[in-house]
């Protein structure tokens with residue numbers, strides 16, 4: 001009897017700890033609130049193939065055109081064939097110890113193309129045969145609750161993205177955009193900065209960021225086509241611009257001296273403290289919606305011309321441009337939430353919305369033009385106000401100091417487990433800067449040239465030689481009559497775009513068909529001299545708008561992609577990035593790089 | 001004769017009272033069940049989610065959830081690699097945020113995603129979040145067996161919910177649900193959620209499901225299984241700051 005009692009007691013004593021251990025023991029080793037050193041590694045390995053389809057490019061020129069079709073650039077400058085042949089290994093390494101964390105996120109990118117070499121010996125260098133680069137997206141450490149509760153500090157190379165909109169964030173200016181890969185909208189270049197967040201209460205957060213050294217946008221390979229385009233200098237004053245078109249075309253046709261921009265040199269701001277950038281933001285929640293307001297002082301990331309020197313290059317006119325990054329202040333605001341739909345769809349199914357807007361206060365940029373050794377035109381500074389006026393006048397404005405606004409407004413909604421739709425109105429594309437929209441008219445040229453057939457009857461009515469009855473050139477002064485003789489395709493500095501897309505899931509949710517497009521709602525303006533049939537010199541300058549759905553004004557990007565999440569982190573995708581529009585339109589512009597098809601494989605871990 | 005009548009009367013009274021005590025009101029059953037399901041300050045759970053496709057290998061997803069009875073949740077995806085690092089913060093039904101590692105940004109997501117399947121499974125965000133029905137539904141005891149109470153729930157007037165009707169089966173031994181049938185507006189059974197196993201605290205003050213199965217009848221009876229990995233961790237003392245966008249950004253980025 002005594003032995004039996006001990007037996008049962010032993011069983012009970014053994015059972016109790018087991019039962020307690022199942023429910024209550026805390027042996028999880030990666031809980032956020034525990035101490036100790038925790039590390040984690042994640043990343044992916046990706047192969048990316050892209051093929052440029054010349055025939056899909058609106059600026060494609062047949063071989064019979066002799067190779068030079070696009071504003072002086074050669075067709076061969078625009079790569080056809082494999083546009084990308086990359087392999088990327090991304091490693092993100094995180095170390096945590098209580099309130100301290102360090103993060104390193106690096107991309108090792110092998111480009112897949114052999115570097116052009118001038119000598120056989122260069123092939124002995126692996127970096128020429130198999131070039132690669134390293135991109136550091138993050139190299140920082142941060143401290144939570146530093147000195148006081150709610151105060152977080154992050155120091156190092158990092159990306160700070162502000163704004164509630166998708167991809168198009170006019171309030172986010174601390175990090176430059178990475179425009180190198182057109183398929184990666186919204187990607188940014190990291191920069192060394194100090195970020196301090198203070199969260200005193202619930203969702204109220206104050207953020208202060210200091211960026212000591214400015215970094216510009218990373219541009220795509222084709223950007224020089226835009227910057228070096230001699231007919232697209234963004235001079236605000238139309239009369240000076242048109243004179244330049246006429247004088248340039250005269251020199252090319254009658255003097256055998258085409259104008260070529262041989263150099264466009266961006267000048268990096270001096271690394272002094274007054275050139276550092278700073279941003280401040282307050283975020284809060286009210287009525288279950290999120291708001292924030294921000295301020296940024298720094299520079300725009302795409303360089304603008306501020307000095308041009310033209311000289312005699314022997315067989316051409318050599319134009320050298322110096323570029324700088326305009327200073328600006330920016331005030332930002334954003335707001336996001338949900339529009340309730342009551343009982344529709346069973347309740348709780350609101351439409352997501354967001355509004356993000358920024359007002360920019362740029363510093364004015366003017367571009368003096370100097371000439372030397374050119375025929376007809378005297379040496380010295382360009383005569384901006386024309387031969388009839390005393391002095392040369394003021395250099396033309398490239399960026400005016402007038403404030404301007406950019407914004408993104410969007411909605412999204414999921415209809416069911418298979419279909420989601422996202423819509424955005426973007427006012428001011430990522431590369432657009434300066435006042436010029438429906439609030440204030442100001443345009444930039446996308447093409448400009450002499451137009452001698454002013455009544456569009458197929459015969460020249462004006463004379464560019466300078467000797468005819470309706471001369472475009474005053475050979476005594478070297479000044480062109482731009483008002484009468486130049487035709488331009490113009491766009492407002494800030495365009496309007498509809499960005500829309502849909503996600504369709506199928507095959508048990510493993511496959512995703514995503515179709516996105518960007519439609520340019522701005523259209524194009526054609527500025528030309530409209531003359532009376534009897535007298536070509538008697539007429540007026542007209543600016544005609546060609547809307548979105550006209551052959552001249554239509555421009556869009558279509559981006560279909562299919563992705564298959566095979567499982568265990570493996571993803572296969574394929575698609576196209578198709579640019580549509582004439583050469584003078586936003587997306588038909590050769591500077592976009594043209595249309596591509598792509599295929600990717602990725603393994604994430 | 002009189003004695004038999006008295007005995008019969010007493011028996012009838014006893015029978016009536018025993019029936020009455022075996023069938024508490026629907027409201028009491030629901031309240032007791034919800035109290036037990038939400039009897040914690042915070043809960044940390046690690047789940048594996050398997051979706052069994054017919055004729056194919058299952059897809060597997062792993063995630064960690066920190067949850068509070070008020071409905072606040074912080075979900076961290078840990079597997080597979082293409083979703084690893086994704087964090088979802090649920091503050092209320094209409095306030096949800098997602099951190100996407102690819103964009104290094106916290107994005108607010110609207111309520112319309114709540115009824116999407118979670119990672120391709122039959123579970124929705126609501127299925128994973130809801131542990132209270134009485135604020136939105138009227139309950140009626142439809143049936144009672146030796147082992148179960150079967151409750152029929154209909155949505156209260158003026159309330160907006162995804163499912164107008166539910167059928168809950170509650171275990172009488174532990175007072176917790178073991179099956180939910182989701183019925184659409186046309187009266188058709190769309191899916192069934194089964195709580196296959198529970199793990200209870202030593203004092204039985206709280207029990208947590210450790211295996212939940214969802215069968216979607218409209219998708220060829222697709223089966224999704226959520227199984228708890230490791231321990232149920234109670235009351236670690238997470239403060240409100242864990243369920244903020246700031247914490248989401250700092251823990252995810």
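The values are calculated or read from the model by the stated rules, or taken from the named source; none is laboratory data. Every value quoted in this text rests on a predicted model; they were computed, and no experiment measured them. Here Cβ is always computed from backbone atoms with ideal geometry, including for glycine, and neighbour counts include all displayed protein chains.
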Residues located in segment B:57-90, provided they are part of a loop (DSSP other than H, G, I, E, B) and either touching a residue at least 24 places away in the same chain (Cβ under 8 Å) or more than 8 Å from chain A (Cβ to nearest Cβ) (or both): B:58, B:68, B:69, B:70, B:71, B:72, B:83, B:85, B:86
Within segment B:105-116, considering residues that are within 7 Å of another protein chain (Cβ to nearest Cβ), modelled with pLDDT of 75 or more and not in a helix (DSSP H, G or I), the one surrounded by the most Cβ atoms within 10 Å (Cβ to Cβ): B:110
Hits in segment B:44-56 - residues which are over 14 Å from residue B:228 (Cα atoms) and within 9 Å of another protein chain (Cβ to nearest Cβ): B:51, B:53, B:56
Unique match (being within 11 Å of chain B (Cβ to nearest Cβ) and at pLDDT below 95) among A:412, A:379, A:334: A:412
Some residue of segment A:154-161 being in contact with a strand residue (DSSP E or B) (Cβ under 9 Å, 6 or more places away or on another chain), surrounded by fewer than 21 Cβ atoms within 10 Å (Cβ to Cβ) and within 10 Å of chain B (Cβ to nearest Cβ): yes
Check on residue A:545, over 29 Å from residue A:508 (Cα atoms) and surrounded by 15 or more Cβ atoms within 10 Å (Cβ to Cβ): no
Entirely in segment A:60-138, the strands (runs of 3 or more DSSP E) that have 1 or more residues that are at pLDDT 90 or above and surrounded by 15 or more Cβ atoms within 10 Å (Cβ to Cβ): A:81-97, A:100-110
Subset of segment B:150-172 that is closer than 20 Å to residue B:213 by Cβ and modelled with pLDDT under 90 - its residue that is farthest from the other protein chains (Cβ to nearest Cβ): B:163
Enumeration of residues in segment A:187-200 that are in contact (Cβ under 8 Å) with a residue 24 or more places away in the chain and within 12 Å of chain B (Cβ to nearest Cβ): A:188, A:190, A:195, A:197, A:198, A:199, A:200
Residues of segment A:286-305 classified as in a strand (DSSP E or B) and surrounded by 14 or more Cβ atoms within 10 Å (Cβ to Cβ), total: 13
Residue list for segment A:211-237, filter: modelled with pLDDT under 90 and closer than 16 Å to residue A:584 by Cβ: A:222, A:225, A:226, A:229, A:230, A:231, A:232, A:233
Looking only at segment B:93-104, and only at residues there that are within 22 Å of the chain's Cα centre (by Cα) and at the interface with chain A (Cβ under 7 Å from one of its Cβ atoms), the one that is surrounded by the most Cβ atoms within 10 Å (Cβ to Cβ): B:95
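So which of B:142, B:102 ends up being part of a strand (DSSP E or B), farther than 24 Å from residue B:42 by Cα and without any contact (Cβ under 8 Å) to a residue 60 or more places away in the chain?
After ruling out the rest, the residue left standing is B:142.
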